[in-house]
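The values are calculated or read from the model by the stated rules, or taken from the named source; none is laboratory data. Computed from a predicted structure; not experimentally measured. Reconstructed Cβ throughout: ideal geometry from the backbone, glycine too, with neighbour counts over all protein chains shown. What goes into the accessible areas is simple: the full protein's heavy atoms, side chains included, and nothing from ligands, DNA or RNA. Shrake-Rupley method; radii C 1.70, N 1.55, O 1.52, S 1.80 Å.
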Amino acid sequence: MLVQDRPSPHAAAAGQKPPTSPRGAPGAGRRHPRPFAKNLDFATWASEHSSKLLLLLFALASAAAVFLLRGAAPDAAALLCLDRSSSSSAGPAKLPYPEVAWSKVPPLAIAAGAPFASFRAERWIVVAVSTPPTAALAALARVKGWQLLAVGDSHTPAGWELKGAIFLSLELQAQLGYRSVDFLPYGSHVRKTAGYLFAIQHGAKVIFDADDRAEVPGNDLGKHFDVDLGSGVTNHPVLLQYSHADPNRTVVNPYVHFGQRSVWPRGLPLDKVGEVAHEVFYTEVFSGRQFIQQGLSDGLPDVDAVFYFTRKPPTSAFDLRFDSEAPKVALPQGMMAPVNSFNTLFQSPAFWGLMMPVSVSSMAADVIRGYWAQRILWEIGGYVAFYPPTIYRKDHIQAYPFAEEKDLHVNVGRLIKFLNEWRSNKRTLFEKILDLSYAMAEEGFWTEQDVRLTAAWLQDLLAVGYRQPRLMSLEIDRQRATIGEGDMKEFVPKKLPSVHLGVDEIGTVNYEIGNLIKWRKNFGNVVMIMHVSGPVDRTALEWRLLYGRIFKTVIILAEQSNKELAVERCTLSHAYKYLPKVFERYSGADGFLFLQDHMILNYWNLLQADKEKLWITNKIAHSWVTIPLESNKEEWFVKQGALVKQVIGNSPVHFQTNYKENMGEEKIAFCGSELFYIPRRFVEDFGDLVGLVGDLDLHHKIAVPMFFMAMDSPQNFDSEALAGTVFKTQLPANATFKTIYTAQAPAVFPVKVMSEIDFIKVIRLMSIGDPLLMELV
């Protein structure tokens with residue numbers, strides 16, 4: 001049960017008298033003066049209360065009869081006509097469904113003498129106030145083109161006033177004639193509901209739902225939100241949208257998108273807090289129907305008490321930052337996220353979604369409202385979009401009790417599931433809204449009080465002239481189009497400084513750092529030589545960043561040099577000839593690992609490899625192939641075979657003997673040589689063989705396997721080190737690197753990295769084996 005037991009919402013603050021409601025609000029006119037006591041004798045008293053005495057005597061007689069009958073035979077009880085079976089089997093009473101004559105709701109005109117009767121504005125900022133005006137509020141009152149409306153409650157100081165703001169006191173709210181006011185507790189921020197109606201009645205087209213701590217950067221909401229939908233002012237015709245590829249993903253943490261992976265919004269189910277991975281891809285949606293726009297808050301974001309009390313010392317203030325350059329992002333139908341009441345822009349088609357429930361705990365009201373409104377929003381083809389920081393909120397280090405959030409943490413996951421499954425056959429939007437409110441009461445997400453409030457709220461909207469939007473068919477009930485490669489949009493969020501817990505994160509990080517130290521200790525004196533075929537200006541630094549954490553250094557070779565990026569020129573077809581230069585430069589290294597950028601190295605799987613032996617992919621089919629020379633009709637292989645015979649024929653006895661014993665003279669080895677390792681003890685031999693080749697045009701794919709066969713016997717190779725490599729000469733038409741990648745293999749081929757986005761994709765996959773790689777993105 002989500003509903004909190006609450007004291008009477010009509011109890012005013014101590015020493016203050018609630019206003020008198022013209023509509024007979026609950027609690028109004030119920031305080032009667034106690035009559036003066038009279039000195040009466042017994043006869044006078046008895047004559048004045050004779051009827052009461054007769055009723056008392058009758059009640060005593062009835063009780064005596066029941067007592068006597070209970071001791072008699074069972075049939076005697078039938079004389080009382082008691083139906084015990086019916087009373088014991090009856091279930092809880094069914095909630096009454098409000099009957100509303102929608103077409104007969106009378107308009108509510110503004111009285112000619114009422115305050116602000118003639119005032120009209122299209123853009124409103126609505127806040128609840130319970131303290132004297134703040135500097136932030138004064139700044140909101142000066143936001144150009146917007147009217148600030150402050151809604152008071154029983155805690156608001158008497159005489160509250162702020163230049164440029166309209167103040168709705170309790171007395172003024174009671175005079176407005178809104179049905180909804182009868183349901184609003186006197187001492188709560190949910191009285192903003194009256195303010196929303198006031199703004200709509202006075203011409204609102206857009207309402208910014210805020211609190212008294214909101215500081216708008218530049219005092220211009222138009223720079224942060226899409227205020228003028230459909231008028232040509234919107235700068236972006238399309239928005240990024242979370243992918244609907246996974247239909248089981250019904251809730252998302254938008255803070256990850258804006259650079260704060262370890263922070264979560266108030267109202268996110270706590271079992272989803274650990275889902276911090278970046279989006280693999282986004283889709284796009286046309287702008288113009290983001291009727292609810294949720295902004296993020298720098299400083300103190302919208303976080304729950306669990307986060308607030310565990311992520312900092314009690315006397316420290318939060319001052320978090322989100323990525324102001326991250327693109328806004330929309331939610332598709334079927335996916336939700338928490339929406340609050342202090343930094344949210346509502347467009348006119350979503351004004352119905354402003355109603356704040358009154359039967360749930362105070363800090364849950366706006367979030368439950370947000371989930372409720374998101375579900376109804378789908379019925380009119382609208383969606384929620386999240387925006388980079390739109391306000392700054394200062395942390396006053398005045399945390400509220402955890403109990404105020406209890407309705408969020410008890411069953412919000414069940415609420416999201418319920419809303420996604422809920423369907424209604426009602427024919428108008430307002431009927432569907434009332435139907436959903438009733439269903440939520442039946443499920444215990446709020447009480448009958450909010451059902452009655454919903455009916456009153458919707459009638460108030462009609463009375464003040466609001467026109468309900470037309471219904472549209474639900475996308476989630478239709479077959480969704482397959483997401484193709486061209487529909488996938490990439491965005492890599494920044495990783496901004498945050499605050500962290502101690503216990504679990506320390507344990508995890510210590511384990512991950514321990515692995516990093518272990519890998520670094522194993523390969524820290526091994527030089528990686530990497531040949532890059534992609535654009536070095538987009539990938540060279542990324543490769544160094546990836547492998548430089550593990551190896552002594554990463555030498556980047558490419559077809560063209562780049563001094564600024566320390567990229568050395570080396571053609572891939574003769575890359576082996578360049579290696580002795582690197583050997584000389586790092587004479588103290590334990591060994592040298594050559595790698596092409598078409599192959600990914602999972603270094604964590606190579607800890608058991610013998611660094612004193614040669615490694616090459618001689619056990620990998622399609623990577624190492626034996627080519628017969630006799631009767632071979634391919635000219636290239638014939639020429640390369642002749643060059644091999646020439647080099648071997650001029651080699652010292654140990655090279656010549658090893659090679660002929662391993663390969664013979666009528667065949668050669670062909671190997672892609674994308675990955676191989678040369679330990680220190682074979683460096684001199686490799687250099688000697690390069691010298692024997694000299695200027696001959698012996699190709700890298702022929703020379704490297706020839707060198708290996710000349711330096712040592714394959715029986716002495718550590719062939720098992722790379723035996724588990726995933727090697728595909730061609731990917732199937734619909735396959736990607738992601739479909740063939742596995743973190744359990746020592747290496748995976750092929751991959752094509754041409755940009756930073758491609759690199760990020762690789763990093764995300766490799767982070768399965770090395771989670772700390774996510775720190776790079």
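Could you list all residues from region 717-743 that are among the small types (G, A, S) and more than 24 Å from E485 (Cβ to Cβ)?
Passing the criteria: S719, A721, A723, G724.
Select the helices (runs of 4 or more DSSP H) contained entirely in region 677-777, then report the ones holding at least 1 residues which are touching a helix residue (DSSP H, G or I) at 6+ places or on another chain (Cβ under 9 Å) and closer than 22 Å to N650 by Cα.
Qualifying helices (runs of 4 or more DSSP H): 683-693, 700-711.
Does region 642-651 include one or more residues that are under 26 Å from V726 (Cβ atoms), among the aliphatic types (A, V, I, L, M) and in contact (Cβ under 8 Å) with a residue 40 or more places away in the chain?
no
R538 - would you say it is closer than 28 Å to F737 by Cβ, assigned to a helix (DSSP H, G or I) and touching a Ser or Thr at 6+ places or on another chain (Cβ under 7 Å)?
Yes, satisfied.
Give the residue, chosen from L168, L184, L229, that is open to solvent by 10 Å² or more (accessible area, probe 1.4 Å) and touching a residue at least 12 places away in the same chain (Cβ under 8 Å).
L229
Kindly indicate whether any position in region 254-261 is among the polar types (S, T, N, Q) and open to solvent by 10 Å² or more (accessible area, probe 1.4 Å).
Scanning region 254-261, I find no residue that is among the polar types (S, T, N, Q) and open to solvent by 10 Å² or more (accessible area, probe 1.4 Å), so the answer is no.
Which count do you get for residues in region 650-676 that are hydrophobic (A, V, I, L, M, F, W, C) and either outside any strand (DSSP E or B) or on the phi > 0 side of the Ramachandran plot (or both)?
The number of residues fulfilling the criteria is 3.
Counting only residues that are acidic (D, E) and open to solvent by less than 50 Å² (accessible area, probe 1.4 Å), which one in region 719-777 is nearest to A277 (Cα to Cα)?
Top of the filtered list is D770.
Can you tell me how many residues within region 409-437 are in contact with a Ser or Thr (Cβ under 8 Å, 6 or more places away or on another chain) and either under 22 Å from V252 (Cα atoms) or among the aromatic types (F, W, Y) (or both)?
Number satisfying all stated conditions: 3.
Any residue in region 304-313 that is among the acidic types (D, E) and open to solvent by less than 10 Å² (accessible area, probe 1.4 Å)?
Taking every residue of region 304-313 in turn, at least one turns out to be among the acidic types (D, E) and open to solvent by less than 10 Å² (accessible area, probe 1.4 Å).
Within region 232-242, how many residues are surrounded by fewer than 15 Cβ atoms within 10 Å (Cβ to Cβ), modelled with pLDDT of 90 or more and out of contact with any Phe, Trp or Tyr (no Cβ under 7 Å at 6 or more places or on another chain)?
Here the count works out to 0.
Kindly list the number of the only condition in (1) buried (at least 20 other Cβ atoms within 10 Å of the Cβ); (2) closer than 29 Å to S361 by Cα that fails for Q147.
(2)
Kindly evaluate P338 against the criterion of being part of a strand (DSSP E or B) and over 28 Å from Q201 (Cβ atoms).
No, not satisfied.
Hey, among V329, V384, which residue is of a type in the set (A, V, I, L, M, F, W, C), over 23 Å from S188 (Cβ atoms) and either touching a Gly at 6+ places or on another chain (Cβ under 9 Å) or without any contact (Cβ under 8 Å) to a residue 60 or more places away in the chain (or both)?
When all the criteria are applied, what remains is V384.
Going through region 282-303 one residue at a time, which ones are surrounded by 18 or more Cβ atoms within 10 Å (Cβ to Cβ) and assigned to a loop (DSSP other than H, G, I, E, B)?
Hits for region 282-303 are S287, R289, Q290, F291, L300, P301, D302, V303.
Which is more than 30 Å from R478 (Cα to Cα) and aromatic (F, W, Y), of Y371, Y392, Y387, Y383?
Criteria check complete, one pass: Y392.
Assess whether L137 counts as being open to solvent by 20 Å² or more (accessible area, probe 1.4 Å) and at negative phi.
No; evaluated as a whole, the condition is false for this residue.
Answer with yes or no whether V367 is surrounded by 24 or more Cβ atoms within 10 Å (Cβ to Cβ) and either among the hydrophobic types (A, V, I, L, M, F, W, C) or on the phi > 0 side of the Ramachandran plot (or both).
yes
Name the single residue that is most open to solvent (accessible area, probe 1.4 Å) among those in region 558-607 being within 24 Å of N525 (Cβ to Cβ) and among the acidic types (D, E).
By that ranking, first place goes to E584.
Quickly run through region 124-138 and pick out the residues that are of a type in the set (A, V, I, L, M, F, W, C) and either in contact with a strand residue (DSSP E or B) (Cβ under 6 Å, 6 or more places away or on another chain) or more than 16 Å from I391 (Cβ to Cβ) (or both).
W124, I125, V126, V127, A128, V129, A136
For residues that are of a type in the set (G, A, S), open to solvent by less than 30 Å² (accessible area, probe 1.4 Å) and assigned to a loop (DSSP other than H, G, I, E, B), scanning just region 314-335, find the one that is farthest from W422 (Cα to Cα).
Among them, the one singled out is A326.
Which of the residues belonging to region 134-180 are hydroxyl-bearing (S, T, Y) and under 20 Å from Q201 (Cα atoms)?
Those that are hydroxyl-bearing (S, T, Y) and under 20 Å from Q201 (Cα atoms): S169, Y178, S180.
Restricting region 262-281 to residues that are open to solvent by 40 Å² or more (accessible area, probe 1.4 Å), among the hydrophobic types (A, V, I, L, M, F, W, C) and within 27 Å of A365 (Cα to Cα), which is modelled with the lowest pLDDT?
Result: V276.
Kindly evaluate V554 against the criterion of being modelled with pLDDT under 90 and of a type in the set (A, V, I, L, M).
no
Restricting attention to region 149-203, report how many residues are in a loop (DSSP other than H, G, I, E, B) and farther than 16 Å from M356 by Cα.
The total comes to 17.
If a residue has to be open to solvent by 80 Å² or more (accessible area, probe 1.4 Å) and within 16 Å of S103 (Cβ to Cβ) to count, how many in region 465-481 make the cut?
1
If you scan region 608-632, which residues turn out to be part of a strand (DSSP E or B) and open to solvent by less than 10 Å² (accessible area, probe 1.4 Å)?
W615, I616
Are any residues in region 482-491 surrounded by 13 or more Cβ atoms within 10 Å (Cβ to Cβ) and not in a loop (DSSP other than H, G, I, E, B), and if so, which ones?
D487, K489
If we scan region 100-119, do we find a residue that is open to solvent by 80 Å² or more (accessible area, probe 1.4 Å) and within 36 Å of the chain's Cα centre (by Cα)?
No - not one qualifying residue is present in region 100-119.
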